[in-house]
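Let me begin by presenting the structure, written as structure tokens, before commenting on it.
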Amino acid sequence: MKSGITFILISLFFSSYSYAQCFPDRHSTSTSSGWLSCFETQNPNTSRGNSHWILYDLGEVHEIKESHFWNVNDPENLNQGVQEVVLDISLDGTSWWEWGTFTIEQSNGSSFYEGTEGPDFSGTNARYLLFTPLSNYGGSCYGFSELKINVDEELISSTEELLEVDMSLSPNPADNRTLVEFNTDLAGMAVLQVVDNIGRIVMRESLNISNVKTYEINTSEFQSGLYQVSLLMDKQIKTIELSIVH
């Protein structure tokens, strides 16, 4: 069984892998305590265009679980606190899946403010967490003070590098089955996995690609939708998209 660890993520505009004081669970009323965005820039998930956003890099792929958020707690700027937020997740920083939206309650400006319970991500697999506020409490800027996420220890090693392998799926779109074909000179053990559109691994299989050049995936019990099929080997990853239509 994997042991649980906690990431406490202070709010920096770019990727962060950081720790902050979190006991007792109170937050200061300082204006400078947290992340604040007052102008829109290009979102790392290009489908979201220009927006307010903050991106976290956990360093490795983890199962993310319970979360806790502290909103903007400056008494003069409570309206700048984020309200509705959409979370996109990624294994490699390139392919993004929308986990969903959730709401963060407005803070009260008190030095006794202890934040609000966030979503339970239920073991969703992610390395990159991209939070994009969709609304706030009426201010001209968007921000929050701090967040805490419980995670399991790393599932797979760093996936920054692209695996040198040609992969194809046939048929794609698929109904009851699809065949993955590998074309590579690499040899050794690899992991083939299928991830749904909210980051859950729905299939994982260890393969020796020295001997296996094709693998049939039974998709009959998968729901219709978009999936990511990834091959992971030696801290590298190759991902292609699979559409399932029943």
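Descriptive notes on the structure:
- Note that segment 133-246 carries a Kirkwood radius of 16.2 Å, evaluated over its alpha carbons pair by pair.
- Annotation for E114 and R177: the two label points, set 7 Å from Cα along the Cα-Cβ direction, are 5.6 nm apart.
- Rounded FRET efficiency, nearest 0.05, which uses the C-beta distance separating N79 from I240 and R0 of 51 Å: 0.70
- Segment 173-246-segment 71-108 distance, computed between alpha-carbon centres (Å): 31 Å
Here, each number is a calculation from the coordinates, and none is a lab measurement. This one's a predicted model, so the numbers in the text were calculated from it and none came from an experiment. In this analysis, Cβ positions are derived from the backbone assuming ideal geometry, glycine residues included, and neighbour counts consider all displayed protein chains.
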